[in-house]
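K.L.:
This is the structure I want to talk about, given as structure tokens.
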Amino acid sequence: MTYANRGLLPIFSAALLLLLSACQLNVKPQNVKPLAATYSPQEKQQQQQAARTLIAQFSLWELDSSPMLQAYRGQKTNYDRWDDISEQAQHAKHLKNAEFLHMAQNINLAALDSELALSIQLLSYQLKQSHQLFPYRHHNFPLNQLFGWHTEIPHFLVNIHQIHTIKDAKDYVARIKAVRPLMQQLIAQLKIREDKGITAPSFVYESVIEASQASLSGYPFNKDKNAKANVLWSHFETKIKQLELYESSEKVLLSSLKKALKRSYKPAYRALIGHLKQSQKNASANTGFHQFAAGKDFYSVQLQASTTTHLSAQQIHQQGLQEIANIKLNIEQLLPQLGETSIEALFKRTRGDQSLYYQDSARAITDSKHYIRTINEKLGQAFSNIPPLPMEVTQVEAFRQHSTPLAFYQPPSDDGARAGRYYLNQSKLNDMPAFQLEALAYHETIPGHHLQTIYALQNKQLPAFRRHGNFTAYTEGWALYAERLAKELGAYQDPWHEYGRLLMELWRANRMVIDTGLHFYGWDIERAMAFRLSNTPFSEADSLNAIQRYLVMPGQATAYKIGQLHFIKLRQQAALALGKHFNLADYHEFVLSMGPLPLAILQGQVLSWIEAQKTRQENR
């Protein structure tokens, strides 16, 4: 799962909210071609100019409206500010969204060249979905056990806000001071949801309160200078020492930070903790969004946004059941190689044998790096013109281990100055058997998220909103497809690792059933737990964590398998149509270089590519 794709709260700016602003409804595939007989050269020129102007204006607005997005993309504009998450700001963005949508609908795609037409089609798709989701903008839990402002703030300051100059350091302090008004906006957003009866389950409150309290640990929040320093203090101190300033300048900066932390940051977090403790008594039941007003309507829209299809909850549920049955049959074929006679015995062994799990986090990172290096040497068999943007493997920082999953990926900055990062959470190595981490590495890095991301980033012909787009069914579907592709490239030589790959698929198929069960059919945690324990080898603790994730991220988890199956189908279709002329490396480059797309639009583009390849062969 990518860091940007974790369903970050809708009260982030529209630009940061990739899941909700970029995952769109399904549309029929379109093969857009210019109609020369219909439009004069002047009319074509006017339409193309209108399209380019719209894209430029939207891209500029998207970036200008989010100081945090600017920093994520490596820019230092508005470097002392956070995003505005007030209701007023959200309404203003909604109106601007409507304005852009009106402009897009007035552009005739048939008068544009194919690439420009695709960009306008995609932008319209994105704007329509954002418009549809706006009435449900409070149907979410802005703070939860996986993500939210309470952990985003320190993560952002440590990992995104770079300190290369004195001004950067002063802006860092200014951002610390600005946490207090930001937190006031956040609490106001929580109160809006509470007034509507939309509150998180009790386990969310417990996790968020604990993580928020941890943010106030260490020096200078306590007066003992010999105690372990708070991460914001130690990070800042290390960075300014690298600037090689005069000692007096260092002291001034550290004094400013200390005051900001104690006078702004600490009161802000205490106010949040106080509010959460007060509202915790109104926690919702341990079931899905069906329990809230308009909850099922929201879930229907969210399913369409996540999967980019018109599949209903009932259809997704049934498809998940079928996929579970299919994957279990594949696992049964491995039983002789794994030394077991039944899938039940294998699942029991997987669940209870602690020797199958990592005991050493350093070993987990070493092995992951080995998997990545090995598969990297074979990528040329399946990809052309691979971009050179770097990637690194690292551990999750201690301050956010509690609120992050076992592993996730963070994209690089546009210029590559900040490498892509594959994070492993050493505190959660017991969440997954060691033999699954090979498939996990391929999912999160190459040929999964990192490779998919850098193909889009490096295609400077794409407008910014496409290079940074994120449709869950595409990005997570590709990453799950990449797990299987790695097998074609020679991975999973150990049968236990192949079993691990199949478990990764089984994990995603179970999600389709459990997510819809919780949010549509009214399952509670106990029923979801019983289903997962009956259909996977995962432990009770892991199952509880998974189910709690689905409760706070409705719909998102269903998109992985749906997207993967679509990628498999499209590749088979292209290979069948082109026969011996099908080139896998060129096909993958084409699919990834367009940037993320809704599945139906992706299908239309692949069909056009197939026809173009046929024409090329005929003309040779």
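The values are calculated or read from the model by the stated rules, or taken from the named source; none is laboratory data. These numbers were taken from a predicted model, which means no experiment stands behind them. A quick note on method: Cβ atoms are made from the backbone with ideal geometry, for glycine too, and the neighbour counts reach across all protein chains shown. In case anyone asks, the SASA skips ligands and DNA or RNA and just uses the protein heavy atoms, side chains included. Shrake-Rupley method; radii C 1.70, N 1.55, O 1.52, S 1.80 Å.
K.L.:
What tally of residues in segment 553-584 results from selecting those that are open to solvent by 10 Å² or more (accessible area, probe 1.4 Å), in a helix (DSSP H, G or I) and over 15 Å from GLY477 (Cα atoms)?
P.N.:
So the count comes out to 10.
K.L.:
Follow-up question, since we're still on this one. Can we say LYS281 is outside any loop (DSSP other than H, G, I, E, B), among the charged types (D, E, K, R) and either touching a Phe, Trp or Tyr at 6+ places or on another chain (Cβ under 8 Å) or farther than 30 Å from ARG527 by Cβ (or both)? Before you say what the answer is, go through the steps one by one.
P.N.:
Working: outside any loop (DSSP other than H, G, I, E, B): yes; among the charged types (D, E, K, R): yes; either touching a Phe, Trp or Tyr at 6+ places or on another chain (Cβ under 8 Å) or farther than 30 Å from ARG527 by Cβ (or both): no.
So LYS281 fails the test.
K.L.:
Do we have any residue at all in segment 487-494 that's part of a helix (DSSP H, G or I) and free of Cβ contacts under 8 Å to residues at least 40 places away in the same chain?
P.N.:
Let us first name the residues in segment 487-494 that are part of a helix (DSSP H, G or I), namely 487-488.
Then drop every residue that is not free of Cβ contacts under 8 Å to residues at least 40 places away in the same chain, which leaves 487.
Within segment 487-494, one or more residues are part of a helix (DSSP H, G or I) and free of Cβ contacts under 8 Å to residues at least 40 places away in the same chain.
K.L.:
On to the next question. Do we find that GLU237 is open to solvent by 30 Å² or more (accessible area, probe 1.4 Å), assigned to a helix (DSSP H, G or I) and more than 15 Å from ALA178 (Cβ to Cβ) in this structure? Walk me through how you get there before you give the answer.
P.N.:
Working: open to solvent by 30 Å² or more (accessible area, probe 1.4 Å): yes; assigned to a helix (DSSP H, G or I): yes; more than 15 Å from ALA178 (Cβ to Cβ): yes.
So GLU237 fits the description; yes.
K.L.:
Select from segment 398-413 the residues that are open to solvent by less than 40 Å² (accessible area, probe 1.4 Å) and in a loop (DSSP other than H, G, I, E, B) and list them in ascending order.
P.N.:
Answer for segment 398-413, where residues must be open to solvent by less than 40 Å² (accessible area, probe 1.4 Å) and in a loop (DSSP other than H, G, I, E, B): GLN401, SER403, THR404, PRO405, LEU406, PRO411, PRO412, SER413.
K.L.:
Still on this model: If you go through segment 597-607 one residue at a time, do you hit one that is open to solvent by 20 Å² or more (accessible area, probe 1.4 Å), part of a helix (DSSP H, G or I) and without any contact (Cβ under 8 Å) to a residue 60 or more places away in the chain?
P.N.:
No, every residue in segment 597-607 fails to be open to solvent by 20 Å² or more (accessible area, probe 1.4 Å), part of a helix (DSSP H, G or I) and without any contact (Cβ under 8 Å) to a residue 60 or more places away in the chain.
K.L.:
Here is a follow-up. Considering segment 385-397 alone, what residues qualify as being assigned to a loop (DSSP other than H, G, I, E, B) and surrounded by fewer than 16 Cβ atoms within 10 Å (Cβ to Cβ)? Break it down stepwise before answering.
P.N.:
The first filter runs over segment 385-397 and keeps only residues assigned to a loop (DSSP other than H, G, I, E, B), leaving 385-390, 396-397.
Selection gives ASN385, PRO388, PRO390.
K.L.:
Where the second residue is basic (Lys, Arg) and the first is over 16 Å from GLY448 (Cβ atoms) and lies in segment 354-380, which pairs have Cβ atoms under 6 Å and are six or more apart or on separate chains?
P.N.:
Nothing qualifies.
K.L.:
Just checking, which of GLU526, GLU488, GLU505 is at pLDDT 95 or above and within 21 Å of the chain's Cα centre (by Cα)? Break it down stepwise before answering.
P.N.:
On the way: GLU526 fails: within 21 Å of the chain's Cα centre (by Cα); GLU488 fails: within 21 Å of the chain's Cα centre (by Cα).
Matching residue, one of GLU526, GLU488, GLU505: GLU505.
K.L.:
Follow-up. Only one residue in LEU35, LEU69, LEU25 is modelled with pLDDT under 95 and closer than 24 Å to MET553 by Cβ, so which one is that? Spell out how you get there, then give the answer.
P.N.:
Values: LEU35 fails: closer than 24 Å to MET553 by Cβ; LEU69 fails: modelled with pLDDT under 95.
That would be LEU25, the only listed residue that is modelled with pLDDT under 95 and closer than 24 Å to MET553 by Cβ.
K.L.:
Considering only residues that are surrounded by fewer than 19 Cβ atoms within 10 Å (Cβ to Cβ), of a type outside the set (Ser, Thr, Tyr) and either modelled with pLDDT under 95 or outside any helix (DSSP H, G or I) (or both), which ones fall in segment 211-220? Before you say what the answer is, go through the steps one by one.
P.N.:
Quick first cut of segment 211-220, residues surrounded by fewer than 19 Cβ atoms within 10 Å (Cβ to Cβ) only: 213, 216-219.
Restricting the remaining residues to those that are of a type outside the set (Ser, Thr, Tyr) gives 213, 216, 218.
Once the filter is applied, which keeps residues that are surrounded by fewer than 19 Cβ atoms within 10 Å (Cβ to Cβ), of a type outside the set (Ser, Thr, Tyr) and either modelled with pLDDT under 95 or outside any helix (DSSP H, G or I) (or both), segment 211-220 yields LEU216, GLY218.
K.L.:
Cβ-Cβ below 7 Å, separation at least six or inter-chain, first residue in segment 450-467 and in contact (Cβ under 8 Å) with a residue 24 or more places away in the chain and outside any helix (DSSP H, G or I), second open to solvent by 10 Å² or more (accessible area, probe 1.4 Å) and of a type in the set (A, V, I, L, M, F, W, C): which pairs?
P.N.:
From residues that are in contact (Cβ under 8 Å) with a residue 24 or more places away in the chain and outside any helix (DSSP H, G or I), the pairs are PRO463/ILE55.
K.L.:
Then there is this: Can you find, within segment 134-163, the residue that is nearest to SER413 (Cα to Cα) among those that are among the hydrophobic types (A, V, I, L, M, F, W, C) and surrounded by fewer than 22 Cβ atoms within 10 Å (Cβ to Cβ)? If you could, list the steps in order and put the result at the bottom.
P.N.:
If we filter segment 134-163 for residues that are among the hydrophobic types (A, V, I, L, M, F, W, C), which is where we start, we get 134, 141, 143, 146-147, 149, 153, 156-158, 160, 163.
Add one more test, that the residue is surrounded by fewer than 22 Cβ atoms within 10 Å (Cβ to Cβ), and what stays is 134, 156-158, 160, 163.
Details: PHE134: 29, PHE156: 13, LEU157: 15, VAL158: 15, ILE160: 9, ILE163: 15 Å.
Among those that are among the hydrophobic types (A, V, I, L, M, F, W, C) and surrounded by fewer than 22 Cβ atoms within 10 Å (Cβ to Cβ), it is ILE160.
K.L.:
Criterion first (open to solvent by 30 Å² or more (accessible area, probe 1.4 Å) and in a loop (DSSP other than H, G, I, E, B)) does HIS370 satisfy it?
P.N.:
Numbers: open to solvent by 30 Å² or more (accessible area, probe 1.4 Å): yes; in a loop (DSSP other than H, G, I, E, B): no.
Considered against the rule, which asks whether it is open to solvent by 30 Å² or more (accessible area, probe 1.4 Å) and in a loop (DSSP other than H, G, I, E, B), HIS370 comes out as no.
K.L.:
What is the residue count in segment 169-181 for residues that are in contact with a Phe, Trp or Tyr (Cβ under 7 Å, 6 or more places away or on another chain) and either at pLDDT below 95 or closer than 17 Å to LYS262 by Cβ (or both)?
P.N.:
Result for segment 169-181: 5.
K.L.:
Something else: In segment 183-205, which residues are closer than 20 Å to LEU146 by Cα and among the hydrophobic types (A, V, I, L, M, F, W, C)?
P.N.:
Scanning segment 183-205 gives MET183, LEU186, ILE187, LEU190, ILE198, ALA200, PHE203, VAL204.
K.L.:
Still on this structure, please answer the following. Considering only segment 240-261, state which residues are surrounded by fewer than 11 Cβ atoms within 10 Å (Cβ to Cβ) and within 35 Å of the chain's Cα centre (by Cα). Before you say what the answer is, go through the steps one by one.
P.N.:
Residues of segment 240-261 surrounded by fewer than 11 Cβ atoms within 10 Å (Cβ to Cβ): 241-242, 244, 246-248.
Matches in segment 240-261: LYS241, GLN242.
K.L.:
Here's a follow-up. Could you please find all residues in segment 263-288 being open to solvent by 30 Å² or more (accessible area, probe 1.4 Å), touching a residue at least 12 places away in the same chain (Cβ under 8 Å) and over 16 Å from LEU182 (Cα atoms)?
P.N.:
Result: LYS277, GLN280, ASN282, ALA283, ALA285, ASN286.
K.L.:
Looking at VAL513 and the list (1) open to solvent by 10 Å² or more (accessible area, probe 1.4 Å); (2) outside any loop (DSSP other than H, G, I, E, B), which single condition is not satisfied?
P.N.:
The one condition VAL513 does not meet is (1).
K.L.:
On to the next question. With (1) part of a helix (DSSP H, G or I); (2) over 17 Å from ILE446 (Cα atoms) as the list, and ILE365 as the residue in question, which single condition is left unmet?
P.N.:
(2)
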